[in-house]
Amino acid sequence: MKDYDFEGKVVLITGGTGSLGRAVCLAFLKSNAVAAITHVTDKEIPKLESTLGDLMKKVILLKADIGDEQQVKNLVSDVVKKYGLIDILINVVGGYIGGKKVTEMTEKEWDLMMNLNLKTAFLISKHVVEQMVRQGSGKVVHVAARLGLKGIGGNSAYGASKSGLIRLVESLSDEVKDKNINVNCIMPSIIDTDANRKDMPNADFSKWVKPSEIARVMLFLASEDSRQIHGAAIPVYGLV
């Protein structure tokens, strides 16, 4: 397994205190990056601190709702003021509502999926990529989903939001690929988290992809090894 070295690189990780986010933070910090990590709730910070241990000294925590454009502007400005640039954006923010038919879903639930999974990606991309264009380089990795490729019953809002994210990645990539900026996304299926195990106790967990394995793919997409990859949606399904 290849070891990546991000010495001197600044990575902005949104949603870094969740189950996948913590694994991503650990992977980049162990690869010598410094990290700016966003969160919206303080209650998840102790788990992040426990995961990172002494590596927390290479982290700044920033509380921000990246669904709010002014907060995104402030966030990007704060990171650039501290570090001078943003080399890598890893956007892990997202959420899931499923199990409801279109005729059962409320407008509020639909809007939540669009805002949480798509609007956030648009806003953080818009303002971070502006900075990357100014500095002349950058890597952007979003988290889409397998359900963004084909809709199935009970997942209309989630699938539509993740499909929109894939189209956003393709469009943005086409706009900036000649500026030394790579924009790509990954598509997990079921991630092996405590929450998913609780929700599906009879499943075969060995077939699910682990957060640490997803993080390895993100390391690749953030490295120079991926410099020829633009606008890709990379399947990370495990054995499901």
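The values are calculated or read from the model by the stated rules, or taken from the named source; none is laboratory data. What you are looking at is a predicted structure, and each value in this text was computed from that prediction instead of being measured. We place every Cβ from the backbone using ideal geometry, glycine too, and count neighbours over all the protein chains shown.
Which of the residues belonging to the stretch 129-154 are under 27 Å from Asn180 (Cβ atoms) and not small (Gly, Ala, Ser)?
Val129, Glu130, Gln131, Met132, Val133, Arg134, Gln135, Lys139, Val140, Val141, His142, Val143
Could you tell me whether the stretch 144-167 includes any residue that is out of contact with any Phe, Trp or Tyr (no Cβ under 6 Å at 6 or more places or on another chain), touching a residue at least 60 places away in the same chain (Cβ under 8 Å) and either acidic (Asp, Glu) or over 30 Å from Met105 (Cα atoms) (or both)?
No: the stretch 144-167 contains no residue that is out of contact with any Phe, Trp or Tyr (no Cβ under 6 Å at 6 or more places or on another chain), touching a residue at least 60 places away in the same chain (Cβ under 8 Å) and either acidic (Asp, Glu) or over 30 Å from Met105 (Cα atoms) (or both).
Ile90 is checked against (1) β-branched (Val, Ile, Thr); (2) within 22 Å of Arg227 (Cβ to Cβ); (3) assigned to a loop (DSSP other than H, G, I, E, B); (4) under 14 Å from the mean Cα position of the chain (by Cα) and fails just one. What number does that condition carry?
It is condition (3) that Ile90 fails.
Might you check whether a residue that is of a type outside the set (Phe, Trp, Tyr), within 22 Å of Leu116 (Cβ to Cβ), under 14 Å from the mean Cα position of the chain (by Cα) and not in a loop (DSSP other than H, G, I, E, B) occurs anywhere in the stretch 51-65?
Within the stretch 51-65 (the criterion being of a type outside the set (Phe, Trp, Tyr), within 22 Å of Leu116 (Cβ to Cβ), under 14 Å from the mean Cα position of the chain (by Cα) and not in a loop (DSSP other than H, G, I, E, B)), the answer is no, since none of the residues qualifies.
Determine which member of the set Val236, Val209, Val217, Val240 is among the aliphatic types (A, V, I, L, M) and under 13 Å from the mean Cα position of the chain (by Cα).
When all the criteria are applied, what remains is Val217.
Do we find a residue being surrounded by fewer than 15 Cβ atoms within 10 Å (Cβ to Cβ) and touching a helix residue (DSSP H, G or I) at 6+ places or on another chain (Cβ under 7 Å) anywhere in the stretch 80-97?
yes
Could you check Lys139 against (1) within 17 Å of the chain's Cα centre (by Cα); (2) charged (D, E, K, R); (3) assigned to a helix (DSSP H, G or I) and say which number it fails?
Every condition holds for Lys139 apart from (3).
Out of Asp192, Asp204, which single residue is more than 25 Å from Asp68 (Cα to Cα), surrounded by fewer than 18 Cβ atoms within 10 Å (Cβ to Cβ) and acidic (Asp, Glu)?
Sole residue among the options that is more than 25 Å from Asp68 (Cα to Cα), surrounded by fewer than 18 Cβ atoms within 10 Å (Cβ to Cβ) and acidic (Asp, Glu): Asp204.
Quick check, is Val79 aliphatic (A, V, I, L, M), closer than 21 Å to Met132 by Cβ and assigned to a helix (DSSP H, G or I)?
Yes, satisfied.
Working only within the stretch 123-151, note down all residues that are surrounded by fewer than 17 Cβ atoms within 10 Å (Cβ to Cβ), within 26 Å of Lys100 (Cα to Cα) and modelled with pLDDT of 95 or more.
Within the stretch 123-151, Leu149, Lys150 qualify.
With respect to Glu109, is the statement that it is surrounded by fewer than 20 Cβ atoms within 10 Å (Cβ to Cβ), more than 19 Å from Ser223 (Cβ to Cβ) and either of a type outside the set (Lys, Arg) or touching a helix residue (DSSP H, G or I) at 6+ places or on another chain (Cβ under 6 Å) (or both) true?
yes
For residues that are over 19 Å from Ser226 (Cβ atoms) and either among the aliphatic types (A, V, I, L, M) or touching a residue at least 60 places away in the same chain (Cβ under 8 Å) (or both), scanning just the stretch 1-19, find the one that is surrounded by the most Cβ atoms within 10 Å (Cβ to Cβ).
Gly16
Among the residues of the stretch 207-237, write down those that are touching a Leu at 6+ places or on another chain (Cβ under 6 Å) and either surrounded by fewer than 18 Cβ atoms within 10 Å (Cβ to Cβ) or charged (D, E, K, R) (or both).
Passing the criteria: only Lys207.
Within the stretch 95-105, is there a residue that is part of a helix (DSSP H, G or I), touching a residue at least 24 places away in the same chain (Cβ under 8 Å), closer than 23 Å to Val236 by Cβ and in contact with a Gly (Cβ under 6 Å, 6 or more places away or on another chain)?
Within the stretch 95-105, none of the residues are part of a helix (DSSP H, G or I), touching a residue at least 24 places away in the same chain (Cβ under 8 Å), closer than 23 Å to Val236 by Cβ and in contact with a Gly (Cβ under 6 Å, 6 or more places away or on another chain).
How about the stretch 155-240: which helices (runs of 4 or more DSSP H) wholly inside it have at least 1 residues that are at pLDDT below 95?
In the stretch 155-240, 194-199 are the helices (runs of 4 or more DSSP H) which contain 1 or more residues that are at pLDDT below 95.
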